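Every number here is computed from the coordinates shown, using simple stated rules; none is lab data. None of these values were measured; they are calculated from a predicted model. Cβ sites come from the backbone with ideal geometry, for glycine too, and all protein chains shown count toward neighbours.
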Amino acid sequence: MTTHPKHDNDLNLEEANANAQAEDENVAAEGEAEGEVSEEDVLLKLARENEELKEQNLRLVAEMENLRKRTQREVADARTFGIAGFARDMLTVSDNLQRALGAITPEQRETAEPVLKSLAEGVEMTERSMLSTLERHGVKRLNPEGERFDPNFHQAMFEVPNPDVAANTVVQVVQPGYVIGERVLRPAMVGVSKGGPKASAEKQQADAEQASSGDAS
């Protein structure tokens, strides 16, 4: 039997070439597939980065808005409360003027010489002018006689038994208080009733509304 080595070699070579071509086609297909996946990954990554940038931008805008509001509040507080220390010192001057006027009884003023009367009137005018100036700068005087005692604005100095007046009602103001804005410069020193009926819920609410409207004005 005769063999044909050359023919066999040609068959082997063709088979090897076919296998190589198939492998190349597989590699190309895999490369194309990998390229498609990589493009999707890039798009997803860009989308995520875009969302992150949007969130960062929104946070930055919110922070800037909060900073603007906080700055406005600080400026407003500085305008309102900047003179608090000065106003508190001026209250001492007002107290001294009141003591000077209180040292002169109404009978003495009636029978006093014109010079003394003019002096007393000058002291009164000075006190009114000073309080008016403080009020223009946001300082408000508290004279809570007849109001319900509020520990946030009043300081109880003594109690007055009175069964005809609702308990915890301010019946006497020893020294007026002062506020600037919503801050207390000095609480009003007061005498408070005890022994009377408790104030009704309606009256308590009315007192609270009256105090709120007074602060707003």
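Summary of values
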item: Amide proton proximity set for Glu147, modelled H, under 5 Å, gap of 5+; result: Val170
item: 3J(HN,Hα) from dihedral phi, the stretch 148-154, Karplus parametrisation 6.51/-1.76/1.60, rounded to Hz, x for glycine, proline; result: 6, 4, 10, x, 6, 10, 10
item: Residue-span extension gain [Ala100 to Met157] - 0.36 nm each, minus C-alpha spacing; result: 18.3 nm
item: 5 angstrom amide H check on Glu159, placed H, neighbours 5+ away; result: Val192
item: Residue-wise HN-Hα coupling along the stretch 167-177, computed from phi with Karplus coefficients 6.51, -1.76, 1.60 (Hz; x: Gly, Pro); result: 4, 6, 9, 6, 9, 8, 10, 6, 8, x, x
item: Dipole magnitude of the stretch 82-137, debye to nearest 20 (Cβ charges: Lys/Arg +1, Asp/Glu -1, about Cα centre); result: 180 debye
item: Backbone HN-Hα couplings from phi across the stretch 179-195 [Karplus 6.51/-1.76/1.60, Hz, Gly and Pro as x]; result: 10, 10, x, 9, 9, 8, 6, 7, x, 6, 8, 9, x, 10, 7, 8, x
